[in-house]
Amino acid sequence: MTRIVVSKYGQIRNEEIASILELMNETYERLQPHEVELVDVQFFENQSLLRDFFRREKRRYGITDDLDSEFPAIHEAWRGLPRISLSIDRLDQMNDLAAKGTVRHEVGHSILHGSVEYYIFEIPESLAKLGAKRRLSTECIRSILYLITIAVKDFEVSYLLFGHEYKDDQITYVMDLLKPSTGDLESWHLANAHAVGRVLCISGRLKDLLCAIPMMRASSDSRILDEYVISGFSYFPPELSRKMIDVGMELSNAMIGSTHQNVQIAANILCERLFEPILGEHSTDRKIT
Ligand SMILES: [Zn+2]
């Protein structure tokens, strides 16, 4: 039995908390066997309280990664124990299935990635070599690595939940993710003239793609999801979005190890098949194939 320790920031109705805890308990039960004995769950009335909390926490623990505190739900284990943070006003704005899918996704993280080792990754050799060859800054290499790690972890969670028959809520959750945000579109608009910008924009969307792939492969609804995936990346040039989806499929077949091994595998494939061709485009005038 998993013990859930609750904290609350702002005004939130007790019934709302109770119904989310019930959903979490049901999910921990169905995802047995696992080793989560204790999980901290923090309820925030709104995103700005959640954002302030993480600003303070990052300072306190010296966290330098790009954790995006604009997400409505966050899982981390910076203190060694799994911790889930939820912005209640954002969950309330979602449809019921997508909100359930979001909460279950974080439960999945707490089971698979609930200790600090899942937040510390060495730079894979393939990425370091690419960085040296293409003169990428350390900050840029770190950002790409961070985006790869969150994509790999999301793939693992999606695979776990889908394998335990959480289908409708996970598909709805992923359909929401696949729609490009205003930030995605703006970033692309600002950065796409430069190869490094293109690599960063593509890396930023890997998470959404890899979350969808376990369901695309296994679901009878996969045709609907295929269309969502294609339209979700349609603001990229067609050959680039096609290549991204192909590489995503290749990753999902290759990632059969531990999280750390999967990050290595993903970095190797991404560097060779996606990043190097993009970064080499300008100098060799070569189109990616
Ligand atoms: Zn996630």
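The values are calculated or read from the model by the stated rules, or taken from the named source; none is laboratory data. Computed from a predicted structure; not experimentally measured. All Cβ positions, even for glycine, are placed from backbone atoms using ideal geometry, and neighbour counts span all protein chains on display.
Figures for the structure shown
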| item | result |
| --- | --- |
| Residue among Ile256, Ile245, Ile265 that is modelled with pLDDT of 90 or more, surrounded by fewer than 16 Cβ atoms within 10 Å (Cβ to Cβ) and either outside any helix (DSSP H, G or I) or under 19 Å from the mean Cα position of the chain (by Cα) (or both) | Ile256 |
| The listed residue being modelled with pLDDT of 95 or more, under 20 Å from Leu31 (Cα atoms) and of a type outside the set (Phe, Trp, Tyr), out of Asp168, Asp154 | Asp154 |
| Some residue of the stretch 106-116 being at pLDDT below 95 and either of a type outside the set (A, V, I, L, M) or in contact with a Lys or Arg (Cβ under 9 Å, 6 or more places away or on another chain) (or both) | yes |
| Residue match in the stretch 91-105 (condition: part of a helix (DSSP H, G or I), without any contact (Cβ under 8 Å) to a residue 12 or more places away in the chain and among the polar types (S, T, N, Q)) | yes |
| Selected residue (criterion: farthest from the ligand (Cβ to nearest atom)) from residues of the stretch 163-192 that are within 25 Å of Gln264 (Cα to Cα) and crowded, with 19+ Cβ neighbours inside 10 Å | Leu178 |
| Residue in the stretch 138-157 that is outside any helix (DSSP H, G or I) and surrounded by fewer than 16 Cβ atoms within 10 Å (Cβ to Cβ) present | no |
| Boolean, Arg198 is more than 14 Å from the ligand (Cβ to nearest atom) and within 19 Å of Tyr118 (Cα to Cα) | no |
| Answer residue from the stretch 14-68, given it is part of a helix (DSSP H, G or I) and among the aromatic types (Phe, Trp, Tyr) and is modelled with the lowest pLDDT among those | Tyr61 |
| Selection from the stretch 17-72 of residues that are out of contact with any strand residue (DSSP E or B) (no Cβ under 7 Å at 6 or more places or on another chain) and of a type in the set (Asp, Glu) | Glu22, Glu26, Glu29, Glu35, Asp52, Glu57, Asp65, Asp66, Asp68, Glu70 |
| Pair list, Cβ < 7 Å and 6+ apart or interchain, from the stretch 260-275 residues that are without any contact (Cβ under 8 Å) to a residue 60 or more places away in the chain to residues that are of a type in the set (A, V, I, L, M) | Ile265/Ala254; Ile265/Met255; Ile269/Val247; Ile269/Leu251; Ile269/Ala254; Arg273/Val247 |
| Tally of residues being of a type outside the set (Val, Ile, Thr) and within 16 Å of the ligand (Cβ to nearest atom) across the stretch 136-162 | 12 |
| Residue check, Lys207 within 15 Å of the chain's Cα centre (by Cα), in a helix (DSSP H, G or I) and either surrounded by fewer than 21 Cβ atoms within 10 Å (Cβ to Cβ) or not assigned by TED's automatic domain parsing to the domain that holds Asp176 (or both) | yes |
| Any hit, the stretch 99-114, residues being under 15 Å from Ala267 (Cα atoms) and within 14 Å of the ligand (Cβ to nearest atom) | no |
| Total residues in the stretch 113-128, condition buried (at least 19 other Cβ atoms within 10 Å of the Cβ) and either more than 10 Å from Pro82 (Cα to Cα) or among the aliphatic types (A, V, I, L, M) (or both) | 5 |
